[in-house]
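These notes concern the structure reproduced below.
Bear in mind that the values in this text are calculations on the coordinates, not laboratory data. Quick caveat: nothing in here was measured; it's all calculated off a predicted structure. Backbone-built Cβ (ideal geometry, glycine too); neighbour counts: all protein chains shown.
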Amino acid sequence: MPTDPGKLLVTLGIIIAAVGLLVIAVQKTGVSDLFGWFGNLPLDFRIKKDNVSLYFPLGTSIVLSIILSLLLYFFNKFIM
């Protein structure tokens, strides 16, 4: 673990900016279905009644948790 929190914040900022630029580039190429799975997994619950609608993205939350855990593991293992 680095002792300098400034370096960590700069590194995270660069990673977030790179992901943002990647998303913008993908949208400009016309591949708009890159995130089509987001919110449409089997464990994502949608309940619509007369005046009430409930959306609980359990499946999406699980997938994002696994992806972020792996990314942070590899980031911690190989970079720090």
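Below 21 Å, Cα to Cα, which lysines can K48 reach? Residues fewer than 8 away in the same chain don't count.
none
Give, in whole angstrom and from largest to smallest, the semi-axes √(5λ) of the equivalent ellipsoid of the chain, with λ running over the eigenvalues of the Cα gyration tensor.
Ellipsoid half-lengths, sorted descending, are 32, 19, 12 Å.
Applying a 10 Å radius around every beta-carbon, put 44-53, 20-29 in order of their mean neighbour count, most first.
20-29, 44-53
Please determine, in degrees from 0 to 90 and to the nearest 10, the orientation of helix 5-28 with respect to the longest principal axis defined by the Cα atoms of the chain, where the helix direction is its Cα long axis.
That works out to roughly 50 degrees.
Mean separation of Cα pairs under 8 Å and 6+ residues apart, divided by the residue count of the chain: what relative contact order is that in percent?
Averaging sequence separation for qualifying contacts and normalising by length gives 22 percent for the chain.
Taking 7 Å along the Cα-to-C-beta vector as the label spot, tell me the D50-I14 distance in nanometres, rounded to one decimal.
5.8
Grab the other residues whose beta carbon is less than 12 angstrom from that of L58, score K and R as +1, D and E as -1, and report the net.
0
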